[in-house]
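Here is the structure we will look at, set down as structure tokens.
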Amino acid sequence: MKMKIKAAAAASVAGVLALTACSASGSGSSENTISVVGYSVLEAANKPVFADFQDTDAGKDVTFKTSYGASGDQSRAVDGGLKADVVHFSLETDVTRLVDSGIVDKTWKDTPTKGIATSSVVVFVVRKGNPDNIQTWDDIVKPGVEIITPNPGSSGSARWNIMAAWAHIVGNGGSEDEGKAYLTKLLDNTIALPSSGRDATTSFTEGNGDVLLSYENEAILAKQSGADVDYVVPPDTLLIENPAAVTKDASASAKDFLDYLTTEPAQEDYAQSGFRPVIDGVKVGEVEGANDPSDPFPTPDKLFTINDDFGGWAEVAPKFFNDGSDGNPLGIVPQLQEDTGKQGEE
């Protein structure tokens, strides 16, 4: 790695970004206690959303119990018995797992935002001043560039990152073989595969690697928290859409809270934490930590989407990420991880 941040600053930022993962388990929730199970990056962003919901008539006297972690791990935990009233994950497939097991109703996407509560784009987080001049997807696979990205086996963020990299090749007219060759270069340059997006950010802010593949909102939060980093929105990238749903036995208060997530006040709160609004009419204002606080969410030159460009997660998940546990062949990414020896946290 070409540049280390100071140990004291790294420790401070790591403390701010550390995951508390308060337990949401229990035999059940009362009408006024909402158990929220989410992916790790949401932890800081949810705090003002909770507080503002509690100031509404629907949220009066409501309290929250929370659990945060890697999106796939959180989904599997709920499937295995972790109590949840509201789930807010990185990937649609982490909700559909719960639909398949009967925990979430199959109509969960029947909302004005099609079940999406937050959104972002894939960016490059770099050292302050961008000393390696990393601007494009081609730059990060140059020899000697050290990449950190979460593990796609557990992290939703990692899967968005991988698909953004794939889109750079195949979405721009390249063949699937060229896409695989690019992902191989990316994995060869990867020095760590932490279990979650938050763990990956902590590793990077502690001084590891030259570039972190991450959510734009996570990069903004890192800067808000004092990390000595910058970030680059590449000319072509992928729209990240994070779903939320209630479980079948959730209380009326939980359903009210789910509805609240896509209101203007909640989306304003999420925007201040670096998320792009999922509805129109949100008064974003200035966003501290953004490259341009007065224009925090610029439109990339080319913005790919999972649904429009790759057929949706129902097609993407088995093709790219199948882990072989169902008896079917490995997906493209686990196979490349096996071929490159980059299969887990390092």
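Values computed for the structure shown
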| read-out | value |
| --- | --- |
| Verdict on A254 being surrounded by 21 or more Cβ atoms within 10 Å (Cβ to Cβ) and either without any contact (Cβ under 8 Å) to a residue 40 or more places away in the chain or under 21 Å from the mean Cα position of the chain (by Cα) (or both) | no |
| Boolean, D326 is modelled with pLDDT under 95 and surrounded by fewer than 21 Cβ atoms within 10 Å (Cβ to Cβ) | yes |
| Failed condition for L258, given (1) more than 30 Å from T33 (Cα to Cα); (2) assigned to a helix (DSSP H, G or I) | (1) |
| Filter result (in contact with a Lys or Arg (Cβ under 6 Å, 6 or more places away or on another chain) and of a type in the set (S, T, Y)) within segment 90-119 | S119 |
| Subset of segment 42-63 [more than 24 Å from A317 (Cα to Cα) and assigned to a helix (DSSP H, G or I)] | E43, A44, A45, N46, K47, P48, V49, F50, A51, D52, F53, Q54 |
| Enumeration of residues in segment 221-245 that are closer than 27 Å to I169 by Cβ and under 15 Å from the mean Cα position of the chain (by Cα) | T237, L238, L239, I240, E241, N242, P243 |
| Qualifying residue in segment 114-124 (condition: in a helix (DSSP H, G or I) and surrounded by 24 or more Cβ atoms within 10 Å (Cβ to Cβ)) | no |
| Members of segment 194-207 that are touching a strand residue (DSSP E or B) at 6+ places or on another chain (Cβ under 6 Å) and either assigned to a strand (DSSP E or B) or of a type outside the set (S, T, Y) (or both) | A200, F204 |
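Residues checked against (1) surrounded by fewer than 23 Cβ atoms within 10 Å (Cβ to Cβ); (2) part of a loop (DSSP other than H, G, I, E, B):
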{"residue": "K65", "(1), (2)": "yes, no"}
{"residue": "Q74", "(1), (2)": "no, no"}
{"residue": "T96", "(1), (2)": "yes, no"}
{"residue": "I103", "(1), (2)": "yes, yes"}
{"residue": "K106", "(1), (2)": "yes, yes"}
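The values are calculated or read from the model by the stated rules, or taken from the named source; none is laboratory data. As the structure is a prediction and not an experimental result, all values here were calculated from the model. With ideal geometry, Cβ positions are generated from the backbone for all residues, glycine too; neighbour counts draw on all protein chains shown.
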